[in-house]
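The values are calculated or read from the model by the stated rules, or taken from the named source; none is laboratory data. Here the structure is a predicted model, which means the values were calculated and not measured. Ideal geometry is used to build each Cβ from the backbone, glycine not excepted, and the neighbour counts take in all protein chains shown.
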Amino acid sequence: MTHQKVLVLDFGGQYNQLIARRVRDLKVYCELVSCEMSAEKIKAEAPIGLIFTGGPNSVYDENAPQIEKEILSLGIPVLGICYGGQLIAHTLGGKVEHAPASEYGRREFSFVKQSPLSEDLPEKSVCWMSHTDRVTALPDGFETLASTQSCPITIFGNLPKKIYGVQFHPEVVHSVCGNKILENFLYKVCGAKGDWTMKNFAQEQIRKIREKVGDGRVLCAMSGGVDSAVAATLVHKAVGDKLTCVFVDHGLHRKDEPEEVMRVFRDGLGMNLIKADAGERFLARLSGVTDPERKRRIIGEEFIKVFEEEAKKIGAVDFLVQGTIYPDVIESGKGKSAVIKSHHNVGGLPSVVDFKEIIEPLRDLFKDEVRKVGSELGLSDGIVWRQPCPGPALAIRIMGEVTREKLETLRDADAIFREEIKNAGLEREIWQYFAVLTDSKTVGVQGDFRTYENVIALRAITSVDAMTADWARIPFDVLEKVSTRITNEVKHANRIVYDITSKPPATIEWE
Ligand code: XMP
């Protein structure tokens, strides 16, 4: 089964991934592609619609990205957002000018003429503006469809040609009817059928993987994270025992994680899953090491060595599964090839495994879609909603040298924090939450004794992509409970602090 497709032409705006996610959420498959894509190529892809994103330029800038005019006469519906809309007007002979003052934030607008975009919407609504330029004269055949007080041409369109422009950002949540406008564009203008569902996706992938693998053998590195778990489960459903997974237990995982991975995937799903117990090796190599980048390097190298040894035992395979997801593909060069992020632990695997081809079943999916596929496949919320954990795990959450004793302290403190966040029902709002074992010791009094013990920091952040983050406003009573429990239940911790720094200027992790 092939599904309908929308192409989102990327003009460099900050919300572009968000547009693509919104379209997918509306059950229409879309791809973010370069704004330089030619009319011929677009035609060959046969999309049901095009969306031009916003971007930082003014259409009159010397190096401002332009489009081939022909794209607008292919008969494919187009929605231009902000810069994308201005570009449509400019390309077809309208006029774009600097507004007397930049407009940022909420604005009320009214529809002045009905169109497919305004179906089922109230006459007035609120939108989110962020622009300096705006369209001041429309090309022939276009008319104004909505206005704000300060921006007369807020939505415009050529109804017979199915080409529309909006001055605001329908993709951000502050644009109250923005999602409905996108939905109307997709369903009322482009004729979308809503055939992009994770159930269809999973079935299609399973069929494709089965066909591709045939009688071949497949190897996968399972980290226990969402992406590798879902990728492995998809492949397992497709080829069963032909898949072997290797889980490297580096001894730096959070509490009970290795046991859970084995319980769910080997015992529960019956996967052919090998656990390499390498905790001692990692600890030995980390002995005396305090520099965070050296710790990362050592863990990365050791991980690859352990994996290589396991792979050698298995022998040559035909395929290697990787849990690459769409944001990795976009970040590494506009959909051309997936280069695993340099800090990612599995980055070096392809060079040590004897295989013919890589299988990346999730390379078209955003993180929320990966989670949905996981649920479709029957994985529990505990796995599907697991928060991201860095490859080096607790080693970069222990400031300074990693020791067995420190690991134990941090593991116990972190488990309490996670448990209380779960009890408070905050798991899904908070992107990441974890404890850090600082390298400071402070004086305390516990019982009748003065103590000189470690400071534990709690870090919890909200984010959409980990590029920027804000510290989570966890209710004080939850923090109080965590603090009391850690100081009572965990050895070698007598003081708890809460990190109230956003990213930037801080990073999410402490090392
Ligand atoms: P920072 O700390 O840079 O983290 O704000 C951004 C995101 O990346 C994760 N992170 C890592 N992930 N290996 C990984 O696989 C690493 O060395 C690493 N360092 C940071 C971090 O948890 C956050 O989600």
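Tabulated results
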{"item": "Unique match (being buried (at least 21 other Cβ atoms within 10 Å of the Cβ), under 19 Å from the mean Cα position of the chain (by Cα), within 29 Å of PHE366 (Cβ to Cβ) and within 16 Å of the ligand (Cβ to nearest atom)) among ALA469, ALA395", "result": "ALA469"}
{"item": "Residue within segment 385-392 that is touching a residue at least 60 places away in the same chain (Cβ under 8 Å), more than 16 Å from the ligand (Cβ to nearest atom) and in contact with a Lys or Arg (Cβ under 6 Å, 6 or more places away or on another chain) present", "result": "no"}
{"item": "ARG459 vs. criteria buried (at least 21 other Cβ atoms within 10 Å of the Cβ) and of a type in the set (Lys, Arg)", "result": "yes"}
{"item": "Residue that is farthest from the ligand (Cβ to nearest atom) [pool: residues in segment 265-295 that are assigned to a helix (DSSP H, G or I) and touching a Gly at 6+ places or on another chain (Cβ under 8 Å)]", "result": "GLU280"}
{"item": "Filtered residue count, segment 318-331, keeping only those that are in a loop (DSSP other than H, G, I, E, B) and either surrounded by 22 or more Cβ atoms within 10 Å (Cβ to Cβ) or modelled with pLDDT under 95 (or both)", "result": "4"}
{"item": "Count - residues of segment 17-76 that are among the aromatic types (Phe, Trp, Tyr) and farther than 26 Å from ASP133 by Cα", "result": "1"}
{"item": "Residue count, segment 1-25 (criterion: surrounded by 19 or more Cβ atoms within 10 Å (Cβ to Cβ), touching a residue at least 60 places away in the same chain (Cβ under 8 Å) and over 22 Å from ALA44 (Cα atoms))", "result": "6"}
{"item": "Strands (runs of 3 or more DSSP E) fully within segment 54-142 counting 2 or more residues that are farther than 19 Å from VAL189 by Cα", "result": "95-111, 124-137"}
{"item": "Conditions (1) more than 14 Å from ILE181 (Cα to Cα); (2) part of a strand (DSSP E or B); number of the one not met by PRO152", "result": "(2)"}
{"item": "Residue within segment 130-137 that is touching a residue at least 60 places away in the same chain (Cβ under 8 Å), surrounded by fewer than 23 Cβ atoms within 10 Å (Cβ to Cβ), within 24 Å of GLN66 (Cα to Cα) and charged (D, E, K, R) present", "result": "yes"}
{"item": "Residue ID - surrounded by the most Cβ atoms within 10 Å (Cβ to Cβ), chosen from residues in segment 294-305 that are free of Cβ contacts under 8 Å to residues at least 40 places away in the same chain and under 19 Å from LYS406 (Cβ atoms)", "result": "ILE298"}
{"item": "Cβ pairs under 8 Å, 6+ apart, first in segment 465-484 and in contact (Cβ under 8 Å) with a residue 40 or more places away in the chain, second assigned to a strand (DSSP E or B) and of a type in the set (Phe, Trp, Tyr)", "result": "ALA472/TYR433; ILE474/TYR498"}
{"item": "Subset of segment 214-238 (residues that are touching a Phe, Trp or Tyr at 6+ places or on another chain (Cβ under 9 Å), farther than 30 Å from LEU407 by Cβ and of a type in the set (A, V, I, L, M, F, W, C))", "result": "VAL218, VAL235"}
{"item": "When residues of segment 398-413 are limited to those that are in contact with a helix residue (DSSP H, G or I) (Cβ under 8 Å, 6 or more places away or on another chain) and of a type in the set (Asp, Glu), the one farthest from the ligand (Cβ to nearest atom)", "result": "ASP412"}
{"item": "Candidate set: segment 472-483, residues that are assigned to a loop (DSSP other than H, G, I, E, B) and loosely packed, with under 13 Cβ neighbours inside 10 Å; chosen: the one nearest to the ligand (Cβ to nearest atom)", "result": "ARG473"}
{"item": "Single unsatisfied condition, LEU273 versus (1) closer than 30 Å to VAL436 by Cβ; (2) surrounded by 17 or more Cβ atoms within 10 Å (Cβ to Cβ)", "result": "(1)"}
{"item": "Flag if ARG418 is within 16 Å of the ligand (Cβ to nearest atom) and either crowded, with 20+ Cβ neighbours inside 10 Å or small (Gly, Ala, Ser) (or both)", "result": "no"}
{"item": "Qualifying residues in segment 372-392 (those that are at pLDDT below 95 and among the charged types (D, E, K, R)) - the one surrounded by the most Cβ atoms within 10 Å (Cβ to Cβ)", "result": "ARG386"}
{"item": "From the options ARG281, ARG297, ARG254, ARG263, residue that is modelled with pLDDT under 95 and more than 24 Å from ASP364 (Cα to Cα)", "result": "ARG297"}
{"item": "Long-range neighbours under 9 Å by Cβ, at least six apart or interchain, first residue β-branched (Val, Ile, Thr) within segment 84-105, second in a helix (DSSP H, G or I) and at pLDDT 95 or above", "result": "ILE88/LEU72; THR91/LYS69; THR91/ILE71; THR91/LEU72; VAL96/GLN86; VAL96/LEU87; VAL96/ALA89; VAL96/HIS90"}
{"item": "Sole residue being within 16 Å of the ligand (Cβ to nearest atom), touching an Asp or Glu at 6+ places or on another chain (Cβ under 9 Å) and not small (Gly, Ala, Ser), chosen from ILE461, ILE508, ILE500, ILE486", "result": "ILE461"}
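Here's the yes/no breakdown for (1) surrounded by 17 or more Cβ atoms within 10 Å (Cβ to Cβ); (2) in contact with a Pro (Cβ under 7 Å, 6 or more places away or on another chain):
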| residue | (1), (2) |
| --- | --- |
| THR233 | yes, no |
| LYS237 | yes, no |
| GLY240 | no, no |
| LEU243 | yes, no |
| ASP249 | yes, yes |
| ARG254 | yes, no |
| GLU260 | yes, no |
| VAL264 | yes, no |
| GLY268 | no, no |
